[in-house]
Amino acid sequence: MNNERENEMSETKTNSLASIAAARTPGTTAMGVGLEARSVHAWFGQKHVLSDISLDFYAGTVTALIGPSGCGKSTFIRILNRMHEFIPSAAMAGEVLLDGKDVYRAGVDVTKIRLGIGMVFQKPNPFPSMTIKENVLSGLKLAQIKINNADELLEDCLVRAGLWSEVKDRLDQYGGTLSGGQQQRLCIARSLAVKPQVLLMDEPCSALDPGSTLRIEETIRDLSKTMTIVIVTHNMQQAARVSDYTGFFLSDGGPGELVEAAPTSHIFSNPKDKRTEDYVTGRFG
Amino acid sequence: MHDQPVSILENPVNPVPTKVPEPREITTEPRLSDRVFRTVVSSGGFISLVVLGLISLFLLYEGLNIFRSEGLSFITSFEWVAESIENGTEASYGIGAMLYGTLVIGFIGLFFGFPLALGAALFLSYYAPEWLKKPMVLVIDIMAAIPSIVFGLWGYFVLMPQAEEWARLINKYLGFIPIFSMPGDFYTRSPFIAGLVLAVMIIPIITSISREVFAQTPLDRIQAAYALGATRWSMIRAVVIPYGKGGVIGGAMLGLGRAIGETVAVYTVLNLVYDIRPEIFLSAGGSVASLIVNKFGEATPPELKALMAAGFVLFIVTLAVNFLANAIINRTARQG
């Protein structure tokens with residue numbers, strides 16, 4: 001009796017997620033492969049934390065990476081823009097190709113890689129010593145890029161991040177005066193200013209309230225028209241709402257693996273792997 | 001008629017008001033071991049406060065007569081003459097030139113020591129390879145433990161012959177600027193050389209305080225900068241320096257405090273002259289601490305009192321600089 005009921009419930013849940021996911025038509029906006037991971041492994045010291053991940057990210061789409069805590073999702077996206085190497089003892093193997101060129105190849109300027117592959121973090125982290133305007137344009141200063149139309153760029157980035165109307169009258173106030181959700185959109189605007197091809201988002205809404213989360217999801221959908229977005233999320237509803245493709249990561253105590261990657265509607269309605277089905281129906285994780 | 005007593009039962013809307021209690025006192029009975037330990041550590045804390053207070057009281061008491069007789073001129077006048085019956089001189093004590101000289105060599109020390117220490121701190125925090133960090137930190141900390149007379153001797157025998165030549169060179173090309181001019185040819189034991197020795201001596205404290213402040217820079221801001229394509233240097237300028245500014249300034253002031261109080265090293269490499277001279281290369285400077293050690297051995301009893309008074313002034317100046325430094329460091333630490 002109890003079992004039956006549970007099954008019923010999880011079925012409803014699957015169906016609702018599947019229907020949310022089906023509302024998006026995967027791949028229709030794809031403009032070819034933007035970023036490719038080839039047989040990526042990762043270690044922290046002796047600990048093997050990621051094993052043999054190969055995954056394509058199509059330009060003009062959103063790819064969600066889901067999976068339980070500790071399965072290596074965050075480690076994986078930090079490998080994509082070479083933030084992984086800031087952790088002492090971190091190591092990796094495999095290739096990450098941006099426009100077909102390995103971002104780990106010898107002689108590459110790592111700051112150029114990070115200009116092409118931007119990142120938004122879990123906790124909003126605007127620079128507190130800078131105003132809203134300075135925050136948005138900080139990437140240009142940090143990467144020593146000179147431009148003529150700073151005000152135009154400022155407005156463009158804030159509009160695309162969905163923040164312009166809220167801050168246009170107080171661009172000279174400090175970033176810390178904004179709410180958490182606004183700060184996160186400011187961080188998105190800041191990433192956009194250096195015109196990246198790819199935007200990585202590491203659980204960008206986990207520190208935010210539901211209203212702010214929805215605003216950010218709208219922003220993600222708008223941005224995906226022009227760039228490649230990879231988002232790590234714990235929230236399956238969010239994966240279903242915003243992504244075209246979903247990758248499911250899992251670790252059974254050993255290194256994290258990519259169990260399945262497919263159009264999001266398939267993952268939520270008709271997953272090939274039993275473990276994916278168990279996870280998206282809420283049987284564990 | 002209206003005075004009819006109203007029964008409580010008939011008027012249930014008006015119950016007896018709840019009495020708001022006083023907050024309870026929350027106590028605990030500490031164990032004996034805890035009480036013993038508390039007594040030991042608190043007496044340690046109080047004894048250092050008491051000693052500090054007694055020292056300043058002693059200096060004030062000993063110097064009080066001098067402050068009375070000399071008044072403000074004790075701080076403003078340049079003359080330091082002990083009473084002498086043979087020479088028929090009257091006593092006159094003023095530490096103005098010495099106070100000025102103390103500040104001059106302190107700032108020269110800061111001018112050379114601060115950039116070196118800041119560079120060392122940034123190097124150790126963000127550029128040094130792992131294997132080099134520990135030994136380098138150790139070496140810099142050991143520098144703080146070297147007795148100051150050793151710095152004095154090194155300054156006299158090793159640094160001075162070199163620094164003399166540097167001074168001549170600067171004088172040759174920039175001599176038209178008053179502070180670099182030279183009325184004679186007396187380059188030894190100048191404020192410039194004393195300042196250089198002080199610069200080396202204050203590097204450890206500024207370096208270690210700056211390193212501690214830099215280490216607290218929030219990692220998420222550093223990562224945000226790198227994720228935007230920052231180079232290491234542009235990250236440091238945009239994130240680390242704005243965050244650590246207050247702490248670093250506080251560290252520099254602690255260094256200044258040390259420089260102001262430094263005695264023996266300065267005494268070895270500085271020629272004391274009771275006059276305010278603008279030329280920093282000229283063999284004529286001042287230092288309150290060195291004045292005391294210079295005069296102490298052969299001072300007459302009244303002169304001794306004047307030295308105590310000078311010590312009191314030095315004590316107050318050093319205390320003020322240190323308090324200010326700590327206030328700046330704490331304010332930055334709270335800002336987060």
Heads up, the helices (runs of 4 or more DSSP H) in the range A:210-277 (entirely inside) with at least 2 residues that are of a type in the set (D, E, K, R) are A:210-223
Margin query: Given the criteria in contact with a Lys or Arg (Cβ under 8 Å, 6 or more places away or on another chain), in contact (Cβ under 8 Å) with a residue 40 or more places away in the chain and aliphatic (A, V, I, L, M), does B:V240 qualify?
Written below: no
Notebook entry, point to check: Can we say B:Y226 is within 14 Å of chain A (Cβ to nearest Cβ), farther than 30 Å from B:L174 by Cα, of a type in the set (S, T, Y) and within 24 Å of the chain's Cα centre (by Cα)?
Noted result: no
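Table: residues versus (1) within 13 Å of the chain's Cα centre (by Cα); (2) within 13 Å of chain B (Cβ to nearest Cβ); (3) without any contact (Cβ under 8 Å) to a residue 12 or more places away in the chain.
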site: A:Q173; (1), (2), (3): no, no, no
site: A:G181; (1), (2), (3): no, no, no
site: A:I188; (1), (2), (3): yes, yes, no
site: A:V194; (1), (2), (3): no, yes, no
site: A:V198; (1), (2), (3): yes, yes, no
site: A:G211; (1), (2), (3): no, no, no
* For A:L55, indicate whether it is over 25 Å from B:L219 (Cβ atoms) and either within 15 Å of the chain's Cα centre (by Cα) or surrounded by 24 or more Cβ atoms within 10 Å (Cβ to Cβ) (or both). => yes
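Would a scan of the range B:34-48 turn up a residue that is of a type in the set (D, E) and at pLDDT 90 or above?
Yes, there is a match, as at least one residue in the range B:34-48 is of a type in the set (D, E) and at pLDDT 90 or above.
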When A:D109 is run through (1) surrounded by fewer than 20 Cβ atoms within 10 Å (Cβ to Cβ); (2) farther than 22 Å from A:T226 by Cβ; (3) in contact (Cβ under 8 Å) with a residue 60 or more places away in the chain, the failure sits at (3)
Reported set for the range B:285-336 where residues are among the aromatic types (F, W, Y) and within 29 Å of B:G246 (Cβ to Cβ) is B:F315, B:F323
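This table checks each residue for (1) among the basic types (K, R); (2) at positive phi; (3) out of contact with any strand residue (DSSP E or B) (no Cβ under 9 Å at 6 or more places or on another chain).
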position: B:R211; (1), (2), (3): yes, no, yes
position: B:T231; (1), (2), (3): no, no, yes
position: B:M253; (1), (2), (3): no, no, yes
position: B:V266; (1), (2), (3): no, no, no
position: B:L270; (1), (2), (3): no, no, no
position: B:I276; (1), (2), (3): no, no, yes
When every residue in the range A:131-148 that is in contact (Cβ under 8 Å) with a residue 24 or more places away in the chain and within 8 Å of another protein chain (Cβ to nearest Cβ) is compared, the one surrounded by the fewest Cβ atoms within 10 Å (Cβ to Cβ) is A:A143
Taking the range B:108-150 and keeping only residues that are assigned to a helix (DSSP H, G or I), small (G, A, S) and under 17 Å from A:P88 (Cβ atoms), one is left with B:S125
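Would you confirm whether or not the range B:193-210 contains a residue that is within 11 Å of another protein chain (Cβ to nearest Cβ) and within 22 Å of the chain's Cα centre (by Cα)?
No: the range B:193-210 contains no residue that is within 11 Å of another protein chain (Cβ to nearest Cβ) and within 22 Å of the chain's Cα centre (by Cα).
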Counting only residues that are modelled with pLDDT of 90 or more and out of contact with any Leu (no Cβ under 6 Å at 6 or more places or on another chain), the range A:16-40 contains a total of 3
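The values are calculated or read from the model by the stated rules, or taken from the named source; none is laboratory data. Note that this is a predicted model, so its numbers are computed, not measured. We place every Cβ from the backbone using ideal geometry, glycine too, and count neighbours over all the protein chains shown.
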